[in-house]
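Heads up, the thing below is written out as structure tokens.
The values are calculated or read from the model by the stated rules, or taken from the named source; none is laboratory data. Quick caveat, the model's predicted, so the values are computed rather than measured. Note: ideal-geometry Cβ built from the backbone for every residue, glycine included; neighbour counts use all protein chains shown. With ligands, DNA and RNA removed, areas are computed over all heavy atoms of the protein, side chains included. Shrake-Rupley method; radii C 1.70, N 1.55, O 1.52, S 1.80 Å.
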Amino acid sequence: MEKIELQAVEETLYKEVLPNGLTVYILPKKEYSKTYATYTTKYGSIDRMFTPLHAKEPIVVPDGIAHFLEHKMFEKEEGDIFHTFSQQGASVNAYTSFTRTAYLFSATSNVEKNMTTLLDFVQAPYFTEETVEKEKGIIAQEIMMYDDSPDWRIYFGAVENMYRKHPVRIDIAGTVESIQEITKDHLYTCYETFYHPSNMLLFVVGAVDVEPMMQLIRNNQGARELTNEPNVERFIEEEDLTVQVKERTIAMDVFKPKVNVGFKLPAGQLKGQAFLKRELIYELGLDLLFGTTTPFYEKAYDEGLIDESFGYDVTLESTFAFATISTDTFEAERFREVVRETFERRNELLEAEALERLIKRKIGLFIRSLNSPEFIANQFTNYAFHDTMLFDHVEVYRSITLEDVKEGLEWFVQSNNSTVMQIVPMEKEA
Amino acid sequence: MFKHYPISSGVDLYIRPTQQFKTVTILMQWDREFDEISAAHRAVLSNVLQDSNERYPTYAKYKNKLDELYGSTLITDVSKRENKHRFLLFSETVHERFVRSENHFAEWLTFLAETIQRPNVKDGKFDEATVRREKRSIVERIQSIYDDKDRYAYRQLIQMMRPDDYVAKSRLGTEELVQAVTPASLVEQYEAMLKEDKLTIYVVGDIDEQLIIDTFRPIIQQREYEEIPTYAPTVSTCVEIQEKEETNAIRQGKLNIGYSTPITLHDERFAAMQVANGILGGFAHSKLFQNVREKESMAYTISSSYISQYGLLTISGGIDWNEKDKVIRLINEQIAMMQSGDISELELEQTKALLANSIRSALDTVRGQMVLFDQYKEDYANFSAQALIKRWNAVTKEEVIAAIQTLKKEAIFLLKGEREDGED
């Protein structure tokens, strides 16, 4: 077991890679009552084409399987795993994103039992034709719930516009149609390939005795008959930066229109600190141009061009990256124009002093986030899957220069990599 | 949990010295009896005070100073509690030992104190452009409820059940009253707040207590505080169950059912009702979740919510609206089951275990510590997680049945979509 002292943030991290390939991290936090653990696989909605374990040829599976699997993991022959956790006083949950699926519990008692339950339930898949059919009804309702959400549609609509082929353009849960194709054999194949310990990471944080916990995990994993496997072969290609659709509008039952300007950005299979640095550079660039203390924000908010819903976001992964800038507004055209002008004027707007102050803010925000076991476990896993350390944030922030930010912003002024998604109120009948 | 410093009539300071967190946090609460005019004013004020103060009179300058303080936050907001309107100021900063700056705490506290005592006011008025802008934001916030279908459906239900009670009033006031706010009336309301409201201050973190007391001394003097009358929930005399449907362009229906109960958080049966609500629909092992969603696939989301301040309980679900009658029947069955005693030892145990877990977990956050202590301190002399857990563990099955039997169904609201068959 490796002991990593993180002096800048006053935490100690313990790490071990087990013989079957599972990577385990434990971060004890004094005075906390809860233990929080995430058990995550590097498998998400974009992994539709891959070579199954021990197979020779790649396959393509129906959309929505990663999410479907997540739902079905909770159902076992003996019953629903929620019950077991409840009885043991823990609350359990799971989520699926574009690139990972996580199972997590939070408990303030029976920690060893709950940890064993977490490991065991994720390790014991149980799928039948009947249970698969039943889940389709529930997931169809979930898809429709998201379809009704203007906030989801405005965000995801921009992603759909940007990508021609990359699977990020498919909704994480799939579609009501695609999930009908899913069979239990699909689920077993995906499970065996992606839920292998060598593709997974276990993170435990909060109230925990390190050595006994690590021993429990070693014993649990030792009893499984699995050996370390090489990385899963996935077939996804990064697209060029040209968007598929430059502009799209849909009508929904909303009071105020929404607009989202999306930018397709280079990803380049970045990993390590380079990945973290690039992500932070994109974010800092947008903060310096559109943050709440900028001339853009002051004027746009004052004029009512943007409101409290205004926001921007950066997503960076191995094979795709994008940024979105959105707001509710009655003047979508003017908003787009002002956003474009702001990017065009970027070099006159960027100041070293502002960057320095912004970096102080970000460092403070990062340290404050370390009060949250949930933040630590989930974000650590995210960055670990990109071969970098969450705790490098402070160091990397301090290394970023104004030149770095200027370079990063060049990607926002290319000719064909931006799109606009809009939602307008429906025409009401008299 | 907190050390109490009673400062004067109407001012209480509570400090929790701890090294658990990497931050120091302050929460200040000003309470007065709810009325819609001051609610509207204080809603606008909560945006205006976060914008600027006398020394930093533009948002950019104000925020830049906070950024210099390593991203310290200063958030003001409004909320409602029973018959009280509450103005909140929440500020958090990174602990001095993580930052490369001397006097970090002193500077932060000075900034806080100045924001309260020396707001951006000239000639008895707040800045006109700021007030105009923030009035607009609050109005937009009020209007945007329509776009969030879950919140909208819930509000419609409450409006049916208790149109004249505080529960149906918005903490933001009304559109008309917000529009009527002026830069001068805002100052009057603010001064009244500082002079007359009951003030409670919470501090969590590793900081010298004397620094806190010295900083807030000027703010906490000279009060004309008046006791707020005790709230008693409205009792409905209506015998029939009200039903209403509305159509929006949505794909998933929102069903909301409302019940009343005489049990509020001050009632000795409160713990039993919390357990009852947990068994009914508060957790994933609950009757509603297991029987309506898991067994019958009738809903993606379904849960019950006990609104203990107002003696209400609501059940809400995201459903296919064509199945409304079946869902209502299933829901009625779950309640009937509980009322007739069909509750297993397992359900009771699981619910108590999860309630215990949730209170301990909530108390692992700064905000949880402050908010929960504030909620429970009236009814628990020495509030702690253990005190609550002890109370829950003592709840018997009979008490749970008795609590559920107090539920009286009053209203059903359904938000449905346009296509009859629910298909594309």
Exercise. Quick one: angle between helix A:332-344 and the longest Cα principal axis of chain A, in degrees between 0 and 90, rounded to 10, please.
Key: 90 degrees
Quiz prompt | the stretch A:1-87 shape via C-alpha gyration tensor axes, a/c threshold 1.5 | solution = oblate
Quiz item: Length gain on complete extension for the stretch B:Q386 to B:H4, per 0.36 nm per residue less the alpha carbon to alpha carbon distance?
Solution: 135.6 nm
Quiz prompt | Share of carbon and sulfur in the accessible heavy-atom surface of chain B [1.4 Å probe, %] | solution = 47 percent
Quiz item: Where in the stretch B:234-273 does accessible area fall by at least 30 Å² between the isolated chain and the complete protein assembly, at a 1.4 Å probe radius?
Solution: B:A249, B:R251, B:Q252
Quiz item: When only DSSP loop residues count, what chymotrypsin sites (Phe, Trp or Tyr not before Pro) in the stretch A:244-337 have their Cβ near at most 11 other Cβ atoms within 10 Å?
Solution: A:F330
Practice problem: For the stretch A:247-425, give the percent of accessible area contributed by carbon and sulfur heavy atoms, probe 1.4 Å, rounded to a whole number. | Solution: 46 percent
Exercise. Could you state the angle between the C-alpha long axis of helix A:352-369 and the longest principal axis of the C-alpha atoms of chain A, as a value from 0 to 90 degrees rounded to the nearest 10?
Key: 30 degrees
Exercise. Kindly express, to the nearest 10 degrees and within the range 0 to 90, the angle between helix A:129-147's C-alpha long axis and the longest C-alpha principal axis of chain A.
Key: 20 degrees
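Calculate the FRET efficiency for B:N103 and B:K195 from the Cβ-Cβ distance with a Förster distance of 25 Å, rounded to the nearest 0.05.
0.20
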Exercise. Could you run the Karplus curve 6.51 cos²θ - 1.76 cosθ + 1.60 with θ = phi - 60° over the stretch B:268-284 and give me ³J(HN,Hα) per residue in whole Hz, x for Gly and Pro?
Key: 5, 8, 4, 4, 5, 5, 4, 5, 4, 5, x, 5, 5, x, x, 9, 5
Practice problem: Using the heavy atoms of the protein chains and a 1.4 angstrom probe, tell me the accessible area per residue for the stretch A:2-234 in square angstrom. | Solution: 39 Å²
Quiz prompt | Other protein chain Cβ atoms within 10 Å, averaged over every residue that makes up B:19-26 | solution = 4
Quiz prompt | Spacing of the two label points (7 Å from each Cα toward its C-beta) at B:Q375 and B:Q221, in nm | solution = 3.7 nm
Quiz item: Counting only residues 5 or more places away or on other chains, whose amide H sits under 5 Å from the amide H of A:T249 once H atoms are built in the peptide plane?
Solution: A:Q422
Quiz item: Does chain B come out rounded, prolate or oblate, given a ≥ b ≥ c as the square roots of the eigenvalues of its C-alpha gyration tensor, rounded meaning a/c under 1.5 and, failing that, prolate meaning a/b above b/c?
Solution: prolate
Quiz item: Between B:Q242 and B:S340, what FRET efficiency comes out of the Förster formula 1/(1 + (r/R0)^6) with R0 = 30 Å and r the beta carbon distance, rounded to 0.05?
Solution: 0.70
Practice problem: Classify the protein assembly as shown as rounded, prolate or oblate, taking a ≥ b ≥ c as the square roots of the eigenvalues of its Cα gyration tensor: rounded when a/c is under 1.5, otherwise prolate if a/b is larger than b/c and oblate if not. | Solution: rounded
Exercise. Measure off 7 Å from each Cα along the Cα-to-Cβ vector at B:E333 and A:R248, then give the distance between these two points in nanometres to one decimal.
Key: 4.1 nm
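Leaving out ligands, DNA and RNA, calculate the buried accessible area for the pair A and B with a 1.4 Å probe, summed over both sides, in Å² to the nearest 100.
Adding both sides of the contact gives about 5600 Å².
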Quiz item: Viscosity 1.306 mPa s, temperature 10 °C: Stokes-Einstein D of the stretch B:152-300 from its Kirkwood Cα radius, in µm² per second?
Solution: 76 µm²/s
Quiz item: Using +1 on the beta carbon of Lys and Arg, -1 on that of Asp and Glu, and nothing else charged, what's the dipole of the protein assembly as shown about the Cα centre, debye to 20?
Solution: 1180 debye
Quiz item: So which residues in the stretch A:369-400 end up with at least 20 square angstrom less accessible surface once the other protein chains are there, compared with the chain by itself, probe 1.4 angstrom?
Solution: A:N371, A:R398
Quiz item: Of all GluC sites (Glu not before Pro) in the stretch B:245-281, which ones are in loop regions per DSSP and have a Cβ with at most 12 other Cβ atoms within 10 Å?
Solution: B:E268
Practice problem: Run down the lysines and flag those whose C-alpha is under 20 Å from the C-alpha of A:K184, throwing out any fewer than 8 positions away in its chain. | Solution: A:K72, A:K76, A:K134, A:K136, B:K295
Quiz prompt | Shielding score for B:141-149, defined as the mean number of other chain Cβ atoms within 10 Å | solution = 4
Quiz item: Out of the stretch A:112-197, which trypsin sites (Lys or Arg not before Pro) are coil in DSSP terms and have no more than 13 other C-beta atoms within 10 Å?
Solution: A:R164, A:K165
Self-check item: Value of [θ]222 nm, deg cm²/dmol, for chain B, DSSP H segments ≥ 4, -39500 (n - 2.57) each, nearest 500
Solution: -12000 deg cm²/dmol
Practice problem: Pick out which of B:D67, B:D123, B:D51 has the largest mean-square fluctuation in a Gaussian network model of chain B, springs linking Cα atoms closer than 10 Å. | Solution: B:D123
Practice problem: Would you work out the relative contact order for chain B, in percent, from Cα pairs under 8 angstrom that are 6 or more residues apart? | Solution: 21 percent
Exercise. Just grab the label-to-label distance for A:R345 and A:A55, each label 7 Å out from Cα along the Cβ direction, in nm (one decimal).
Key: 5.5 nm
Quiz prompt | Average Cα contact separation per residue, chain A, under 8 Å, 6 or more apart, as relative contact order % | solution = 22 percent
Quiz prompt | Table column - 3J(HN,Hα) (Hz), the stretch A:93-99, Karplus curve with 6.51, -1.76, 1.60, x for Gly and Pro | solution = 7, 7, 8, 10, 10, 4, 10
Practice problem: Taking amide H positions as placed in the peptide plane 1.01 Å from N, state which residues far from A:K29 in sequence (5 or more) or on other chains have amide H under 5 Å from it. | Solution: A:G206, A:A207, A:V208
Quiz item: What pairs from B:K377/B:K397; A:K258/A:K360; A:K15/A:K165; B:K3/B:K390; A:K113/A:K277; A:K165/A:K256 go past 29 Å between their alpha carbons?
Solution: A:K258/A:K360; A:K15/A:K165; A:K113/A:K277; A:K165/A:K256
Quiz item: Which lysines have a Cα lying under 19 Å from the Cα of B:K169, excluding residues fewer than 8 positions away in the same chain?
Solution: B:K80, B:K84, B:K135, B:K149
Quiz item: Got a sec? Which residues of the stretch A:230-266 lose 50 Å² or more of accessible surface with every protein chain in place, vs. that chain alone, 1.4 Å probe?
Solution: A:D253, A:F255
Quiz item: For the stretch B:179-285, what is the accessible area per residue in Å² when the probe is 1.4 Å?
Solution: 46 Å²
